[in-house]
């Protein structure tokens, strides 16, 4: 087996690690934005960028799996020969797993923050609708009450 395949695997893991760092940073910024009563239009760039990074992760995973399938038998049969590089890749995989877990936890927190945010907005809209309806009803009652100005009445005959 050529060391180039192992170098490709290791490079793929390094890139995946960097992409996960970017996703983690975006998740943290998104969480801070949601906590600060955001404008919904500010959220779009985060979602778009995370989508692009996730696509990149998928491509890296596919490439890794393709190369790994090609060299897995050789690696299993000659662990000692490639032990140093295998250990480095195992450490990278461990870091990737930790970052993935941290990102999942942050995404769950962001999801909960979004639920709270949208719940508040829903209540504000509902409250505004109730207030508008009350104001409209008051206007209707006042305009239809047939209010008559005070009149002077003479009781003398």
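The values are calculated or read from the model by the stated rules, or taken from the named source; none is laboratory data. It should be emphasised that the depicted structure is a prediction, and the values quoted were computed from it without experimental measurement. Using ideal geometry, Cβ is built from the backbone for each residue, glycine included, and neighbour counts are taken over all protein chains shown.
What the table shows:
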quantity	calculated
Number of positions in the stretch 117-157 that are in a helix (DSSP H, G or I) and either over 30 Å from residue 20 (Cβ atoms) or at pLDDT 85 or above (or both)	26
Any hit, the stretch 6-21, residues being under 19 Å from residue 115 (Cβ atoms) and surrounded by 13 or more Cβ atoms within 10 Å (Cβ to Cβ)	no
Residue within the stretch 73-88 that is closer than 21 Å to residue 117 by Cα and part of a helix (DSSP H, G or I) present	no
Any hit, the stretch 22-33, residues being loosely packed, with under 14 Cβ neighbours inside 10 Å and over 24 Å from residue 119 (Cβ atoms)	yes
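Yes/no matrix, rows are residues, columns are (1) part of a helix (DSSP H, G or I); (2) more than 23 Å from residue 11 (Cβ to Cβ); (3) modelled with pLDDT of 85 or more; (4) over 13 Å from the mean Cα position of the chain (by Cα):
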| position | (1), (2), (3), (4) |
| --- | --- |
| 25 | yes, no, yes, no |
| 45 | yes, yes, yes, no |
| 53 | yes, no, yes, no |
| 58 | yes, no, yes, yes |
| 107 | yes, yes, yes, no |
| 110 | yes, yes, yes, no |
